[in-house]
Amino acid sequence: MNRFAIYFSVLVAATTVASAENRNITEKDLFDFVWIGDPQISPDGMRVAFVRVTVNEKKEGYNTLIWSVSVTGGEEPHQLTKGDHDTAPRWSPDGKFLLFLRATEKDGKPDPPQLSILPMAGGDSFSFTDLPKGAGNPVWAPDGKTIAFTSETNADDLAKQEKKKRKEEELKKAISENSPSPRTAGRSTNKTKPTPKSASDATAKKAEPEGEHESDIRVITRAIYREDNEGYADPKHPQHIWIVAAPRNADEKVQPKQLTSGRFDEGSIVWSNDAPQVYFTSLRLDEPYYQLPRTELYSIPASGGQPTKLNSIDMEMNNLSLSPDGKQIAFIASTTQPINSYTQPDLWIVDLTPNAKPRNLTANFDFDVGDGVFGDNAAPRAGGVNSPLWTPDGHSLIEICGKEGKTILASFDVESSAETDLTHGNQAVLRFCAPADRSKIVYTLSSPTRINDLFISDRIGGEPRQLTHVNDALFSQLNLTDPEEISYKTFDGKTIQAWVQKPPDFNPTKKYPLILNIHGGPHAAYGYIFEHEFQWMAAKGYLVLYPNPRGSTTYGQDFGNIIQYHYPGDDYKDLMAGVDDVVRRGYVDDKKLGVTGGSGGGLLTNWVVGQTNRFAAAVSQRDIATWEAWWYSSDLTLFQPNWFKAPPFDDEQEFKARSPLTYIKNVKTPMMFVLGEADYRTPPGAGGEQMFRALKFRKIPAVMVRFPNESHELSRSGQPWHRIERLQNIVGWFDHWLMGVLKPEYEVAPQEAVPIKKGNGATENAE
């Protein structure tokens, strides 16, 4: 038995029975949601700092504040910081200070975040950097004297900042010299006339800097010139490693120092145990976009100097973690050979000696390590990532892994690779942390009826304890239910796991409209995690079927990669088999079927309606219509050799055969397209815009709903009102076509009602 194993399970509440005293969840309940992100336990293991996220007062964005809670219980969590955009809490090694990032607002928009510190013994927090491009990813040195971080600030930025400050000082001085003194202000004599306002203005204008034209055009030389949720790339501002002395009070002035330079990005900061060295990752290639992933590992003296290249690894290294003896780094990565559409992420270890060969610790563990299921309510703007946790003796590593629709914590023996589950139950562990002695583990937990909360458990034995109840006040008023897990056989005998979210007052003797909801990825997974969208659809009277067809993660390498060079294809058959299975259960009105999905799910929605007319309505979100258009415009590039065997100009027929637009003449289903206008992952021009125009030409009912300034992340972290309007329009479209609800906004020429087919072929009009 692994002596570092944690044996516990979190009891997930049984399916909630709808109460007459409670109400159904609504789309606007999102305004009152509270999210927890980036938990960090103090070095003594007694307190947890975390980011608490809420919708801001204007309902146009999110406030992120840092809160704290005791691990012993007996007290409510309390607020530590007062800013509206505080993130990334990081305890100093002695626990006396809490480092964090703070972004202040200017003209209603956040400035770049700066490093800030809160003395835990008392006193106000203070910021101690003022870099034009801000600071990010802060990491304390083991001795607590220095902080390493990343910034895109360059020398020109600093020069412009200094010039601006000088001009502002000159302007203040000029205005001061031409203003009336306190003695003469307000007095006028025949001898002395007050300075005309125009003269003061003229002096100020003279002191102002002359206007310098800054061009707003973009001269693009790189294949990937914009990134979803980040915007346009700026090659003049690569991300570099910086260090700064850690101040102990606001009066102690410190000067950040740029540690690395050059034209390439750097990140993944790890300090050596004795603090003279900083390890980081980079890739010294100008255009790596059409090559298989590779990472270079470097070290650099904290005092400055030239970096030393330690290794070049043919994988993308993520979530680096230094071993207790300082001789190895653990990381998460997917091997690039053989070439797959999907390769499970594994837990790797590499020695910190030149050109050491990494060892795959989980080569025989056929589940995703460092990844799991996803939902629509990860903490927006909270940040934070998981990294493997070494036990103090270096014998084991702790990480999350995805197993059959769940995300669990697991322990892996460094020598034998033996795996031990540390959590159990129908749930998803999102973020986790532990003090240096690993005496306890803190993690955020989500389930179908819980957005997320903090839990804690001792490393050995013991039941978990819940530390926060951030949404209990709201959720105790709601009729929330757990979905029913089902499994069914598909056309070739494979078993597909799926869930059915039912209305709170579900009656198996009645017949309900059904919405098939398809996840994106395609290499991703639904599971036991909170889904606001599904809960609200069910509250509106729909059954929601959400399956994990072939290509989904958490079921092993073969199941995930089986769709390579065949996507979409047999996954469509898996989806239809799921609909057939639920219809056979007798409580589905098969004349009122809807289908929706986003990203890869949007692609499959487009594919479904081109293969069958069984669905009465469809909503395709952030979709793909033609692979060729996507190949030319997405911020992703490795379509070949991973997804296609060649580029579109060398394999036109394959790209065409697998593109939904090819089958547009078959489509009779009324369609809505939900698009983010700043989506660079699945640009609207490669998806919904094409489908919409084709359907309008064919006189098939079609509506396009466009969201300004929204990226591919609209459903998960878009502006709150936009997230709600997205839900309203998706459900509104189904209400219109499945329920017969009048929706004039979806009609070119509004009609009175939409006829609904009865089972005997007759029609009725909804009132």
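The values are calculated or read from the model by the stated rules, or taken from the named source; none is laboratory data. The structure presented is a predicted model; accordingly, all values stated were derived computationally and were not measured. We place every Cβ from the backbone using ideal geometry, glycine too, and count neighbours over all the protein chains shown.
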* Out of curiosity, is Ile398 under 27 Å from Arg90 (Cα atoms), within 25 Å of the chain's Cα centre (by Cα) and either touching a residue at least 60 places away in the same chain (Cβ under 8 Å) or not in a loop (DSSP other than H, G, I, E, B) (or both)? -> yes
* Given the conditions (1) surrounded by 14 or more Cβ atoms within 10 Å (Cβ to Cβ); (2) free of Cβ contacts under 8 Å to residues at least 24 places away in the same chain; (3) among the hydrophobic types (A, V, I, L, M, F, W, C), report the number of the one that Val219 does not fulfil. => (1)
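Does Val583 fit the bill of being assigned to a helix (DSSP H, G or I), in contact with an Asp or Glu (Cβ under 8 Å, 6 or more places away or on another chain) and farther than 18 Å from Arg658 by Cβ?
Criteria met by Val583.
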* Got at least one residue in the stretch 71-85 being of a type in the set (Asp, Glu), under 30 Å from Glu725 (Cα atoms) and touching a Ser or Thr at 6+ places or on another chain (Cβ under 9 Å)? -> yes
* To do: May I ask you to list pairs of residues, at least six apart or on different chains, whose Cβ atoms are under 8 Å apart, with the first in the stretch 704-727 being small (Gly, Ala, Ser) and the second being in a helix (DSSP H, G or I)?
  => Ser715/Glu533; Ser715/Arg723; Ser715/Arg726; Gly718/Arg726
* Structure fact -> Screening Asp251, Asp274, Asp325 for residues that are of a type in the set (Asp, Glu), closer than 28 Å to Ser127 by Cβ and out of contact with any Phe, Trp or Tyr (no Cβ under 8 Å at 6 or more places or on another chain) leaves only Asp251
* Structure fact -> Scanning the stretch 229-266 residue by residue, those within 22 Å of Ala333 (Cβ to Cβ) and in contact with a Gly (Cβ under 9 Å, 6 or more places away or on another chain) turn out to be Gln239, Ile241
* To do: Tell me which residues, restricted to the stretch 252-269, are of a type in the set (A, V, I, L, M) and crowded, with 21+ Cβ neighbours inside 10 Å.
  => Leu259, Ile269
* **Qualifying residue in the stretch 458-468 (condition: in a strand (DSSP E or B) and surrounded by 21 or more Cβ atoms within 10 Å (Cβ to Cβ))** => no
* Residues (surrounded by 24 or more Cβ atoms within 10 Å (Cβ to Cβ), out of contact with any Pro (no Cβ under 9 Å at 6 or more places or on another chain) and within 22 Å of Phe506 (Cβ to Cβ)) located in the stretch 583-609 -> Val595, Thr596
* Asked: If you take just the helices (runs of 4 or more DSSP H) that sit entirely in the stretch 607-699, which of them hold at least 2 residues that are under 29 Å from Ile339 (Cβ atoms)?
  -> 627-633, 652-657
* Asked: Since Ala159 meets every condition but one in (1) of a type in the set (Gly, Ala, Ser); (2) surrounded by fewer than 16 Cβ atoms within 10 Å (Cβ to Cβ); (3) assigned to a strand (DSSP E or B), which condition does it not meet?
  -> (3)
* Asked: Of the conditions (1) outside the structural domain of Ala749 (by TED's automatic domain parsing); (2) out of contact with any Pro (no Cβ under 7 Å at 6 or more places or on another chain); (3) of a type outside the set (Val, Ile, Thr), Ser634 fails just one. Which one is it?
  -> (2)
* Asked: Any residue at all in the stretch 121-135 that is buried (at least 22 other Cβ atoms within 10 Å of the Cβ) and assigned to a strand (DSSP E or B)?
  -> no
* Run down Leu430, Leu445 and say which single residue is out of contact with any Leu (no Cβ under 6 Å at 6 or more places or on another chain), modelled with pLDDT of 95 or more, surrounded by 20 or more Cβ atoms within 10 Å (Cβ to Cβ) and more than 22 Å from Glu316 (Cβ to Cβ). => Leu445
* Asked: Considering the stretch 285-313 alone, what residues qualify as being in a loop (DSSP other than H, G, I, E, B) and surrounded by 14 or more Cβ atoms within 10 Å (Cβ to Cβ)?
  -> Pro288, Leu292, Pro293, Arg294, Ala302, Pro307
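With the condition kept exactly as written, say whether any residue in the stretch 333-340 is in a strand (DSSP E or B) and surrounded by 19 or more Cβ atoms within 10 Å (Cβ to Cβ).
Yes, some residue in the stretch 333-340 is in a strand (DSSP E or B) and surrounded by 19 or more Cβ atoms within 10 Å (Cβ to Cβ).
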* Residue match in the stretch 650-672 (condition: of a type in the set (Val, Ile, Thr), touching a helix residue (DSSP H, G or I) at 6+ places or on another chain (Cβ under 9 Å) and closer than 28 Å to Glu230 by Cβ) -> no
* Would you mind stating whether Pro238 is more than 18 Å from Ser92 (Cα to Cα) and assigned to a loop (DSSP other than H, G, I, E, B)? => yes
* Asked: Is it true that Pro89 is part of a strand (DSSP E or B) and closer than 18 Å to Arg381 by Cα?
  -> yes
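Taking the stated definitions as given, is Asp38 without any contact (Cβ under 8 Å) to a residue 12 or more places away in the chain and not small (Gly, Ala, Ser)?
No; evaluated as a whole, the condition is false for this residue.
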* **Complete set of residues in the stretch 137-165 that are closer than 22 Å to Glu252 by Cα and either over 25 Å from the mean Cα position of the chain (by Cα) or free of Cβ contacts under 8 Å to residues at least 60 places away in the same chain (or both)** => Pro138, Ala141, Pro142, Asp143, Gly144, Lys145, Thr146, Ile147, Leu158, Gln161, Glu162, Lys165
* To do: Taking the options Ser299, Ser268, name whichever one is in contact (Cβ under 8 Å) with a residue 24 or more places away in the chain, at positive phi and outside the structural domain of Gly556 (by TED's automatic domain parsing).
  => Ser268
